[in-house]
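The values are calculated or read from the model by the stated rules, or taken from the named source; none is laboratory data. All values reported here derive from a predicted model rather than from experimental measurement. Note that each Cβ is placed from the backbone with ideal geometry, even for glycine, and that neighbours are counted across all protein chains shown.
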Amino acid sequence: MTLLHRLAAAAALALGLAAQPALAQDGPLRIEITEGVIEPMPIAVPRFMARDAGGGEYADRIAQVIVSNLTGTGLFREIPREAHIAELTEFDAPVSFSDWRAINTEALVTGSVAASNGRVTVQFRLHDVVSGREMGEGLQFEGGEGDWRRMAHKISDEVYSRITGEAGYFDSRVAFIAETGPREEREKRLAVMDQDGENAEYLSEGMSLALAPRFSPDGDRLLYTSYEDGFPRIYLLDLRSMERRVLDEQPGTMTFAPRFAPDGQSAVFSLSRGGSTDIYRLDLRSGERTQLTNAPYIATAPSFSPDGARIVFESDRSGTQQLYVMPASGGEPRRISRGDGRYATPVWSPRGDRIAFTKSHQGRFHVGVMNTDGSEERLLTASYLDEGPTWAPNGRVIMFTRENPGAEPELYSVDISGRNLRRIATPVAASDPAWSPLRD
(Lines give C-alpha, C1' and ligand atoms only; values in the text may rest on other atoms or scores of the structure.)
Protein backbone atom coordinates (compact mmCIF):
# COMPACT_ATOMS: atom_id res chain seq x y z
CA MET A 1 0.00 0.00 0.00
CA THR A 2 1.36 3.42 -0.96
CA LEU A 3 0.52 6.49 1.06
CA LEU A 4 1.02 9.61 -1.05
CA HIS A 5 1.84 12.94 0.44
CA ARG A 6 -1.12 15.21 0.93
CA LEU A 7 -1.69 18.38 2.87
CA ALA A 8 -3.51 17.96 6.14
CA ALA A 9 -6.38 20.17 7.17
CA ALA A 10 -5.85 22.31 10.24
CA ALA A 11 -5.24 20.20 13.35
CA ALA A 12 -8.19 19.26 15.52
CA LEU A 13 -8.06 21.71 18.37
CA ALA A 14 -7.72 20.77 22.01
CA LEU A 15 -9.94 22.33 24.64
CA GLY A 16 -8.40 25.70 25.31
CA LEU A 17 -6.02 25.51 22.32
CA ALA A 18 -6.29 27.67 19.21
CA ALA A 19 -4.75 27.07 15.77
CA GLN A 20 -3.96 29.87 13.32
CA PRO A 21 -2.81 29.05 9.76
CA ALA A 22 -0.11 30.88 7.81
CA LEU A 23 0.53 30.95 4.05
CA ALA A 24 2.53 27.99 2.68
CA GLN A 25 3.30 25.95 -0.41
CA ASP A 26 2.77 22.30 -1.20
CA GLY A 27 5.74 19.98 -1.79
CA PRO A 28 6.43 16.52 -3.20
CA LEU A 29 7.84 14.90 -0.07
CA ARG A 30 6.36 11.50 0.74
CA ILE A 31 6.96 8.19 2.47
CA GLU A 32 6.33 4.97 0.56
CA ILE A 33 4.84 2.36 2.90
CA THR A 34 4.86 -1.00 1.15
CA GLU A 35 5.15 -4.65 2.06
CA GLY A 36 8.86 -4.41 1.28
CA VAL A 37 11.60 -2.79 3.33
CA ILE A 38 10.88 0.74 4.54
CA GLU A 39 13.78 3.18 4.58
CA PRO A 40 12.97 5.64 7.39
CA MET A 41 12.85 9.25 6.27
CA PRO A 42 15.71 11.41 7.67
CA ILE A 43 14.10 14.24 9.63
CA ALA A 44 15.61 17.06 11.66
CA VAL A 45 13.85 18.72 14.59
CA PRO A 46 16.14 21.41 16.01
CA ARG A 47 15.47 22.89 19.41
CA PHE A 48 12.52 25.24 19.07
CA MET A 49 13.42 28.91 19.26
CA ALA A 50 12.51 30.71 22.51
CA ARG A 51 10.74 34.00 21.85
CA ASP A 52 10.98 35.04 25.49
CA ALA A 53 12.55 33.87 28.73
CA GLY A 54 9.59 31.65 29.58
CA GLY A 55 9.69 29.93 26.21
CA GLY A 56 13.17 28.60 26.92
CA GLU A 57 11.71 26.22 29.50
CA TYR A 58 9.68 24.39 26.84
CA ALA A 59 11.68 24.86 23.62
CA ASP A 60 13.78 21.73 23.87
CA ARG A 61 11.19 19.56 25.60
CA ILE A 62 8.61 20.10 22.86
CA ALA A 63 11.13 19.26 20.14
CA GLN A 64 12.19 16.08 21.95
CA VAL A 65 8.59 14.85 22.28
CA ILE A 66 8.08 15.40 18.54
CA VAL A 67 11.27 13.43 17.77
CA SER A 68 10.22 10.60 20.08
CA ASN A 69 6.76 10.39 18.52
CA LEU A 70 7.94 10.37 14.91
CA THR A 71 10.93 8.05 15.29
CA GLY A 72 8.77 5.69 17.37
CA THR A 73 6.68 4.95 14.27
CA GLY A 74 9.66 3.39 12.48
CA LEU A 75 8.95 5.66 9.49
CA PHE A 76 11.41 8.40 10.47
CA ARG A 77 14.97 8.59 11.72
CA GLU A 78 16.39 11.63 13.44
CA ILE A 79 19.31 13.62 12.08
CA PRO A 80 21.21 14.10 15.38
CA ARG A 81 21.68 17.63 16.59
CA GLU A 82 25.46 17.39 16.61
CA ALA A 83 25.30 16.92 12.84
CA HIS A 84 23.33 20.12 12.25
CA ILE A 85 25.22 22.78 10.32
CA ALA A 86 22.64 25.56 10.26
CA GLU A 87 21.88 27.52 13.40
CA LEU A 88 18.27 28.66 13.64
CA THR A 89 17.79 31.90 15.55
CA GLU A 90 14.67 33.47 14.04
CA PHE A 91 11.48 31.59 13.29
CA ASP A 92 10.53 33.81 10.35
CA ALA A 93 14.00 33.88 8.76
CA PRO A 94 14.48 32.01 5.44
CA VAL A 95 15.69 28.42 5.78
CA SER A 96 19.12 27.62 4.31
CA PHE A 97 18.06 24.37 2.63
CA SER A 98 21.57 23.69 1.28
CA ASP A 99 22.87 23.31 4.86
CA TRP A 100 20.21 20.69 5.58
CA ARG A 101 20.72 18.87 2.29
CA ALA A 102 24.42 18.63 3.11
CA ILE A 103 23.59 16.35 6.05
CA ASN A 104 21.01 14.34 4.06
CA THR A 105 17.94 15.79 5.73
CA GLU A 106 14.68 15.30 3.83
CA ALA A 107 12.19 16.88 6.24
CA LEU A 108 12.78 19.73 8.68
CA VAL A 109 10.53 20.84 11.53
CA THR A 110 11.11 24.33 12.91
CA GLY A 111 9.28 26.02 15.73
CA SER A 112 9.20 28.75 18.34
CA VAL A 113 7.82 29.01 21.88
CA ALA A 114 6.71 31.87 24.08
CA ALA A 115 5.44 31.49 27.65
CA SER A 116 4.15 34.08 30.07
CA ASN A 117 1.32 34.55 32.58
CA GLY A 118 0.60 30.83 32.64
CA ARG A 119 0.08 30.62 28.85
CA VAL A 120 2.27 28.90 26.24
CA THR A 121 2.25 29.73 22.52
CA VAL A 122 3.93 27.38 20.04
CA GLN A 123 4.45 27.91 16.31
CA PHE A 124 5.76 25.32 13.88
CA ARG A 125 6.52 24.80 10.20
CA LEU A 126 7.31 21.68 8.17
CA HIS A 127 9.81 22.01 5.32
CA ASP A 128 10.52 19.71 2.37
CA VAL A 129 14.30 20.03 2.23
CA VAL A 130 14.60 18.12 -1.04
CA SER A 131 12.46 20.59 -2.97
CA GLY A 132 13.30 23.59 -0.79
CA ARG A 133 9.67 24.38 0.00
CA GLU A 134 7.39 24.62 2.99
CA MET A 135 4.82 21.83 3.31
CA GLY A 136 1.35 22.87 4.26
CA GLU A 137 0.42 25.69 6.55
CA GLY A 138 2.36 26.82 9.56
CA LEU A 139 0.26 26.52 12.70
CA GLN A 140 0.18 28.22 16.07
CA PHE A 141 -1.12 26.53 19.21
CA GLU A 142 -1.96 28.29 22.44
CA GLY A 143 -2.76 26.79 25.82
CA GLY A 144 -1.94 26.59 29.49
CA GLU A 145 1.42 25.53 30.85
CA GLY A 146 0.12 22.02 31.37
CA ASP A 147 -0.76 21.72 27.69
CA TRP A 148 2.77 21.78 26.28
CA ARG A 149 2.95 18.02 25.74
CA ARG A 150 -0.39 18.03 23.96
CA MET A 151 0.88 20.76 21.64
CA ALA A 152 3.92 18.59 20.87
CA HIS A 153 1.60 15.65 20.12
CA LYS A 154 -0.57 17.81 17.85
CA ILE A 155 2.47 19.01 15.93
CA SER A 156 3.59 15.38 15.61
CA ASP A 157 0.16 14.46 14.22
CA GLU A 158 0.41 17.25 11.66
CA VAL A 159 3.89 16.23 10.51
CA TYR A 160 2.92 12.56 10.31
CA SER A 161 -0.24 13.35 8.37
CA ARG A 162 1.36 15.71 5.88
CA ILE A 163 4.13 13.26 5.03
CA THR A 164 2.25 9.96 5.07
CA GLY A 165 -1.20 11.14 4.02
CA GLU A 166 -2.79 9.36 6.99
CA ALA A 167 -4.23 10.74 10.19
CA GLY A 168 -1.91 10.81 13.17
CA TYR A 169 -2.49 9.16 16.53
CA PHE A 170 -0.18 10.92 18.98
CA ASP A 171 -2.73 13.18 20.68
CA SER A 172 -4.58 10.26 22.19
CA ARG A 173 -4.71 8.32 25.44
CA VAL A 174 -4.63 4.69 26.48
CA ALA A 175 -6.67 3.18 29.29
CA PHE A 176 -5.08 0.11 30.86
CA ILE A 177 -4.98 -2.07 33.95
CA ALA A 178 -2.12 -1.16 36.28
CA GLU A 179 -0.88 -4.28 38.07
CA THR A 180 1.04 -4.14 41.37
CA GLY A 181 1.81 -6.42 44.28
CA PRO A 182 2.69 -10.12 44.49
CA ARG A 183 0.97 -12.50 42.10
CA GLU A 184 -1.06 -14.17 44.84
CA GLU A 185 -2.37 -10.75 46.00
CA ARG A 186 -2.34 -8.84 42.74
CA GLU A 187 -3.95 -5.41 42.65
CA LYS A 188 -5.42 -4.43 39.28
CA ARG A 189 -6.40 -0.79 39.06
CA LEU A 190 -7.99 1.12 36.24
CA ALA A 191 -5.57 3.70 34.84
CA VAL A 192 -5.15 6.04 31.89
CA MET A 193 -2.10 7.66 30.29
CA ASP A 194 -0.97 9.48 27.17
CA GLN A 195 -0.23 7.14 24.26
CA ASP A 196 3.52 7.49 24.93
CA GLY A 197 3.19 6.39 28.57
CA GLU A 198 3.34 9.85 30.14
CA ASN A 199 0.84 11.51 32.51
CA ALA A 200 -0.46 8.27 34.01
CA GLU A 201 -3.46 8.56 36.35
CA TYR A 202 -5.12 5.90 38.50
CA LEU A 203 -8.90 5.88 38.27
CA SER A 204 -9.83 3.14 40.74
CA GLU A 205 -8.67 1.81 44.07
CA GLY A 206 -6.73 -1.44 44.30
CA MET A 207 -9.22 -3.06 46.67
CA SER A 208 -11.33 -4.51 43.85
CA LEU A 209 -10.21 -6.14 40.63
CA ALA A 210 -10.73 -4.07 37.46
CA LEU A 211 -10.60 -5.43 33.92
CA ALA A 212 -11.31 -4.59 30.26
CA PRO A 213 -11.51 -0.78 30.03
CA ARG A 214 -13.08 0.55 26.83
CA PHE A 215 -13.32 4.18 25.67
CA SER A 216 -16.47 5.81 24.38
CA PRO A 217 -16.32 7.20 20.82
CA ASP A 218 -15.89 10.74 22.19
CA GLY A 219 -13.21 9.65 24.66
CA ASP A 220 -15.06 11.11 27.67
CA ARG A 221 -16.30 7.85 29.23
CA LEU A 222 -14.99 4.41 30.06
CA LEU A 223 -16.74 1.08 30.36
CA TYR A 224 -14.95 -1.53 32.45
CA THR A 225 -15.53 -4.68 34.46
CA SER A 226 -15.08 -4.70 38.23
CA TYR A 227 -15.28 -7.42 40.89
CA GLU A 228 -16.24 -4.90 43.55
CA ASP A 229 -19.05 -7.08 44.96
CA GLY A 230 -17.28 -10.36 44.28
CA PHE A 231 -18.87 -10.93 40.87
CA PRO A 232 -18.03 -9.30 37.53
CA ARG A 233 -20.15 -6.23 36.91
CA ILE A 234 -19.88 -3.54 34.23
CA TYR A 235 -19.37 0.06 35.31
CA LEU A 236 -19.64 3.30 33.35
CA LEU A 237 -17.15 6.00 34.39
CA ASP A 238 -17.48 9.63 33.31
CA LEU A 239 -13.90 10.90 32.95
CA ARG A 240 -14.92 14.55 33.34
CA SER A 241 -16.94 14.28 36.55
CA MET A 242 -15.43 10.95 37.72
CA GLU A 243 -18.94 9.78 38.51
CA ARG A 244 -19.62 6.11 37.90
CA ARG A 245 -22.55 3.74 37.90
CA VAL A 246 -23.10 0.03 37.54
CA LEU A 247 -24.89 -1.10 34.38
CA ASP A 248 -27.64 -3.68 34.06
CA GLU A 249 -27.37 -5.12 37.54
CA GLN A 250 -29.47 -8.30 37.46
CA PRO A 251 -29.58 -10.79 40.37
CA GLY A 252 -27.87 -14.09 39.60
CA THR A 253 -25.98 -12.80 36.57
CA MET A 254 -22.42 -11.83 35.72
CA THR A 255 -21.72 -9.10 33.14
CA PHE A 256 -18.39 -8.46 31.45
CA ALA A 257 -16.55 -7.67 28.16
CA PRO A 258 -18.32 -4.36 27.46
CA ARG A 259 -17.84 -2.12 24.43
CA PHE A 260 -19.54 1.04 23.20
CA ALA A 261 -21.53 1.26 19.99
CA PRO A 262 -20.14 3.78 17.49
CA ASP A 263 -22.84 6.32 18.43
CA GLY A 264 -21.90 6.10 22.11
CA GLN A 265 -25.56 5.72 23.11
CA SER A 266 -25.56 1.97 23.66
CA ALA A 267 -23.17 -0.80 24.59
CA VAL A 268 -22.76 -4.52 23.97
CA PHE A 269 -21.53 -6.96 26.58
CA SER A 270 -21.64 -10.57 27.70
CA LEU A 271 -24.08 -11.76 30.33
CA SER A 272 -23.66 -15.13 32.02
CA ARG A 273 -26.57 -16.83 33.75
CA GLY A 274 -27.43 -20.45 34.41
CA GLY A 275 -24.43 -21.85 32.57
CA SER A 276 -25.10 -19.84 29.40
CA THR A 277 -23.17 -16.79 28.20
CA ASP A 278 -24.77 -14.58 25.57
CA ILE A 279 -24.29 -11.14 24.07
CA TYR A 280 -26.68 -8.33 24.93
CA ARG A 281 -27.11 -4.74 23.84
CA LEU A 282 -28.01 -2.05 26.38
CA ASP A 283 -29.43 1.40 25.65
CA LEU A 284 -27.43 3.63 28.01
CA ARG A 285 -30.21 6.23 28.21
CA SER A 286 -33.31 4.10 28.74
CA GLY A 287 -31.68 1.01 30.21
CA GLU A 288 -33.53 -1.20 27.73
CA ARG A 289 -31.72 -4.50 27.17
CA THR A 290 -31.82 -6.62 24.00
CA GLN A 291 -30.51 -10.17 23.74
CA LEU A 292 -28.48 -10.65 20.54
CA THR A 293 -27.40 -14.30 20.82
CA ASN A 294 -29.28 -17.25 22.27
CA ALA A 295 -27.39 -20.53 22.15
CA PRO A 296 -25.99 -23.05 24.68
CA TYR A 297 -22.45 -21.84 24.04
CA ILE A 298 -20.15 -19.07 25.22
CA ALA A 299 -20.41 -15.86 23.20
CA THR A 300 -18.24 -12.97 24.34
CA ALA A 301 -15.85 -10.13 23.41
CA PRO A 302 -18.23 -8.29 21.04
CA SER A 303 -16.96 -5.39 18.91
CA PHE A 304 -18.93 -3.16 16.53
CA SER A 305 -17.98 -2.32 12.98
CA PRO A 306 -17.38 1.45 12.66
CA ASP A 307 -20.68 1.93 10.83
CA GLY A 308 -22.55 0.15 13.62
CA ALA A 309 -24.08 -2.40 11.24
CA ARG A 310 -22.26 -5.55 12.39
CA ILE A 311 -20.68 -7.12 15.45
CA VAL A 312 -17.72 -9.47 15.59
CA PHE A 313 -17.38 -11.75 18.61
CA GLU A 314 -15.79 -14.97 19.79
CA SER A 315 -17.69 -18.18 20.49
CA ASP A 316 -17.05 -21.88 21.07
CA ARG A 317 -20.19 -22.94 19.20
CA SER A 318 -18.04 -24.89 16.69
CA GLY A 319 -16.23 -26.74 19.49
CA THR A 320 -13.26 -24.34 19.78
CA GLN A 321 -12.92 -20.58 20.16
CA GLN A 322 -13.56 -18.97 16.78
CA LEU A 323 -14.60 -15.57 15.43
CA TYR A 324 -18.09 -14.82 14.14
CA VAL A 325 -19.84 -11.82 12.59
CA MET A 326 -23.54 -11.08 12.96
CA PRO A 327 -25.85 -8.11 12.28
CA ALA A 328 -25.86 -5.53 15.06
CA SER A 329 -29.51 -6.40 15.72
CA GLY A 330 -28.65 -10.08 16.23
CA GLY A 331 -29.38 -12.94 13.89
CA GLU A 332 -27.51 -15.92 12.53
CA PRO A 333 -23.74 -15.45 12.96
CA ARG A 334 -21.23 -16.29 10.25
CA ARG A 335 -17.88 -17.81 11.15
CA ILE A 336 -14.91 -15.90 9.70
CA SER A 337 -11.85 -17.54 11.33
CA ARG A 338 -10.64 -20.60 9.44
CA GLY A 339 -7.04 -21.22 10.44
CA ASP A 340 -5.68 -23.72 12.93
CA GLY A 341 -5.78 -22.80 16.60
CA ARG A 342 -8.15 -20.78 18.76
CA TYR A 343 -9.19 -17.19 18.17
CA ALA A 344 -10.25 -14.59 20.73
CA THR A 345 -10.68 -10.88 21.57
CA PRO A 346 -11.63 -9.59 18.10
CA VAL A 347 -11.60 -5.82 17.57
CA TRP A 348 -12.85 -4.04 14.47
CA SER A 349 -10.44 -1.51 12.95
CA PRO A 350 -11.60 2.14 13.03
CA ARG A 351 -11.11 2.07 9.24
CA GLY A 352 -13.59 -0.78 8.97
CA ASP A 353 -11.38 -2.90 6.72
CA ARG A 354 -9.75 -5.32 9.19
CA ILE A 355 -10.31 -7.17 12.42
CA ALA A 356 -7.52 -7.65 14.96
CA PHE A 357 -7.53 -10.73 17.16
CA THR A 358 -5.61 -12.97 19.54
CA LYS A 359 -4.70 -16.46 18.31
CA SER A 360 -3.25 -19.39 20.24
CA HIS A 361 -1.70 -22.30 18.36
CA GLN A 362 0.91 -24.93 19.23
CA GLY A 363 1.79 -23.33 22.56
CA ARG A 364 2.30 -19.82 21.17
CA PHE A 365 0.13 -16.74 21.27
CA HIS A 366 -0.15 -14.25 18.44
CA VAL A 367 -1.76 -10.91 17.68
CA GLY A 368 -2.99 -10.86 14.11
CA VAL A 369 -5.26 -9.14 11.61
CA MET A 370 -7.62 -10.40 8.94
CA ASN A 371 -10.07 -8.93 6.48
CA THR A 372 -13.62 -8.66 7.77
CA ASP A 373 -14.62 -11.81 5.84
CA GLY A 374 -11.73 -13.75 7.44
CA SER A 375 -9.48 -13.70 4.37
CA GLU A 376 -5.82 -12.66 4.29
CA GLU A 377 -5.07 -13.58 7.89
CA ARG A 378 -1.70 -12.23 8.98
CA LEU A 379 0.01 -12.92 12.32
CA LEU A 380 1.95 -9.87 13.49
CA THR A 381 3.53 -11.23 16.69
CA ALA A 382 4.50 -14.47 18.39
CA SER A 383 5.24 -14.93 22.08
CA TYR A 384 4.60 -16.94 25.22
CA LEU A 385 1.52 -14.74 25.75
CA ASP A 386 0.37 -11.93 23.46
CA GLU A 387 -3.28 -10.91 23.80
CA GLY A 388 -5.90 -8.17 23.88
CA PRO A 389 -5.23 -5.99 20.80
CA THR A 390 -6.50 -2.42 20.55
CA TRP A 391 -6.32 -0.12 17.51
CA ALA A 392 -4.74 3.30 17.30
CA PRO A 393 -7.34 5.85 16.17
CA ASN A 394 -5.87 5.93 12.64
CA GLY A 395 -6.07 2.12 12.25
CA ARG A 396 -2.35 1.85 11.49
CA VAL A 397 -0.91 0.61 14.82
CA ILE A 398 -2.03 -2.02 17.32
CA MET A 399 -1.23 -2.10 21.04
CA PHE A 400 -1.50 -5.29 23.10
CA THR A 401 -0.40 -7.07 26.28
CA ARG A 402 2.72 -9.26 26.31
CA GLU A 403 3.74 -11.49 29.18
CA ASN A 404 6.80 -13.74 29.30
CA PRO A 405 7.39 -16.59 31.78
CA GLY A 406 8.15 -15.23 35.24
CA ALA A 407 7.89 -11.62 34.06
CA GLU A 408 5.38 -8.86 34.64
CA PRO A 409 2.88 -8.03 31.88
CA GLU A 410 3.90 -5.18 29.57
CA LEU A 411 2.32 -3.19 26.78
CA TYR A 412 3.69 -3.42 23.24
CA SER A 413 2.75 -1.90 19.93
CA VAL A 414 3.23 -3.10 16.36
CA ASP A 415 2.44 -1.72 12.90
CA ILE A 416 -0.24 -3.61 10.96
CA SER A 417 2.49 -4.70 8.54
CA GLY A 418 4.16 -6.54 11.44
CA ARG A 419 7.05 -4.09 11.62
CA ASN A 420 8.27 -1.87 14.42
CA LEU A 421 7.45 -4.02 17.44
CA ARG A 422 8.21 -1.87 20.48
CA ARG A 423 7.55 -1.81 24.21
CA ILE A 424 5.44 1.02 25.62
CA ALA A 425 6.78 2.61 28.79
CA THR A 426 4.37 2.38 31.74
CA PRO A 427 4.87 3.38 35.39
CA VAL A 428 4.03 -0.14 36.64
CA ALA A 429 3.22 -3.52 35.13
CA ALA A 430 0.34 -3.05 32.69
CA SER A 431 -2.21 -5.10 30.77
CA ASP A 432 -5.43 -4.86 28.75
CA PRO A 433 -4.86 -1.58 26.87
CA ALA A 434 -7.65 0.38 25.19
CA TRP A 435 -6.73 3.19 22.80
CA SER A 436 -8.84 6.36 22.85
CA PRO A 437 -9.92 8.33 19.80
CA LEU A 438 -7.96 11.47 18.98
CA ARG A 439 -8.72 14.17 21.51
CA ASP A 440 -10.70 17.24 20.48
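Exactly one residue out of L75, L108, L70 is within 28 Å of the chain's Cα centre (by Cα), closer than 14 Å to D128 by Cα and either touching a residue at least 24 places away in the same chain (Cβ under 8 Å) or exposed (fewer than 13 other Cβ atoms within 10 Å of the Cβ) (or both): that is L108.
Taking segment 19-58 as the range and being more than 26 Å from the chain's Cα centre (by Cα), of a type in the set (G, A, S) and at pLDDT 50 or above as the test, the residues that pass are A50, A53, G54, G55, G56.
Would you say A167 is among the aliphatic types (A, V, I, L, M), in a helix (DSSP H, G or I) and under 17 Å from the mean Cα position of the chain (by Cα)? No: the conditions fail for A167.
In summary, Y58 fulfils each of the numbered conditions (1) under 30 Å from I416 (Cβ atoms); (2) crowded, with 20+ Cβ neighbours inside 10 Å; (3) in contact with a helix residue (DSSP H, G or I) (Cβ under 7 Å, 6 or more places away or on another chain) with the single exception of condition (1).
In this structure, S318 does not qualify as surrounded by 14 or more Cβ atoms within 10 Å (Cβ to Cβ) and in the same structural domain as P232 (by TED's automatic domain parsing). When segment 128-143 is limited to residues that are of a type outside the set (D, E, K, R) and closer than 24 Å to D52 by Cα, the one that is surrounded by the most Cβ atoms within 10 Å (Cβ to Cβ) turns out to be F141. For segment 51-67, residues that are free of Cβ contacts under 8 Å to residues at least 60 places away in the same chain and β-branched (V, I, T) total 1.
Taken together, E205, E179 contain a single residue that is in a strand (DSSP E or B), farther than 18 Å from V268 by Cβ and either among the acidic types (D, E) or not assigned by TED's automatic domain parsing to the domain that holds P409 (or both), which is E179. I need the full set of residues from segment 373-432 which are hydrophobic (A, V, I, L, M, F, W, C) and within 15 Å of S360 (Cβ to Cβ), in order please. Answer for segment 373-432, where residues must be hydrophobic (A, V, I, L, M, F, W, C) and within 15 Å of S360 (Cβ to Cβ): L379, L380, A382, L385, F400.
Within segment 305-312, does at least one residue satisfy the condition of being under 21 Å from D218 (Cα atoms), in the same structural domain as R422 (by TED's automatic domain parsing), over 24 Å from the mean Cα position of the chain (by Cα) and not hydroxyl-bearing (S, T, Y)? Checking segment 305-312: not a single residue is under 21 Å from D218 (Cα atoms), in the same structural domain as R422 (by TED's automatic domain parsing), over 24 Å from the mean Cα position of the chain (by Cα) and not hydroxyl-bearing (S, T, Y). Within the option set D263, D283, being under 26 Å from P433 (Cβ atoms) and at pLDDT 95 or above holds for one residue only, D263. Entry remark, segment 76-95: residues being of a type in the set (G, A, S) and either outside the structural domain of A63 (by TED's automatic domain parsing) or modelled with pLDDT under 95 (or both) number 2 in total. The condition (being among the small types (G, A, S), within 15 Å of the chain's Cα centre (by Cα) and on the phi > 0 side of the Ramachandran plot) is satisfied by just one residue among G418, G374, G388: G388.
Checking S383, S413, S417, S360 one by one, the residue that is in contact (Cβ under 8 Å) with a residue 60 or more places away in the chain, among the hydroxyl-bearing types (S, T, Y) and either surrounded by 15 or more Cβ atoms within 10 Å (Cβ to Cβ) or farther than 22 Å from L222 by Cα (or both) is S417 and no other.
I'd like the full set of residues that are farther than 18 Å from M193 by Cα and aliphatic (A, V, I, L, M), limited to segment 143-162. Across segment 143-162, the qualifying residues are I155, V159.
Any chance segment 121-130 includes a residue that's out of contact with any strand residue (DSSP E or B) (no Cβ under 6 Å at 6 or more places or on another chain) and in a loop (DSSP other than H, G, I, E, B)? Checking segment 121-130: at least one residue is out of contact with any strand residue (DSSP E or B) (no Cβ under 6 Å at 6 or more places or on another chain) and in a loop (DSSP other than H, G, I, E, B).
All told, I66 meets the bar of being in contact with a strand residue (DSSP E or B) (Cβ under 7 Å, 6 or more places away or on another chain), under 20 Å from V397 (Cα atoms) and either modelled with pLDDT under 95 or assigned by TED's automatic domain parsing to the domain that holds T121 (or both).
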